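First up is the structure itself, then whatever we jot down about it.
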Amino acid sequence: MADIHGLIFKILLSFYPLAETFISSWGGETMEDIHEFFANFSLLMVFAHISGVIFSSFLEGENLVKAMVTGHKKNRSHWEDVNQGAGRK
């Protein structure tokens, strides 16, 4: 049974998606730069999300972190059309 798993693994490796494309010609430094860019971009998006939650919490006067954890948010009169559309009263 182990031989079958080894064979399947070798077959899957032979179909490595980017092995025969132009990307395989890129050097390690280029790939490292791309990886670093996306890592930094991900951190920027996390920072932007957290900043938005903090800003919105102050703006609305509600603890949005608690609302995200519990799934319950205060009903707002200026959101009446949204509350009715969601089946809330």
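The values are calculated or read from the model by the stated rules, or taken from the named source; none is laboratory data. Remember, it's a predicted structure, so these values are computed and weren't measured experimentally. As a convention, Cβ positions derive from the backbone with ideal geometry for all residues, glycine included, and neighbour counts pool all protein chains shown.
Numbers for the structure displayed
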{"quantity": "Check on Leu18, part of a helix (DSSP H, G or I) and at pLDDT below 85", "calculated": "no"}
{"quantity": "Answer from Gly52, Gly61, Gly27 - the residue that is modelled with pLDDT of 75 or more and exposed (fewer than 10 other Cβ atoms within 10 Å of the Cβ)", "calculated": "Gly61"}
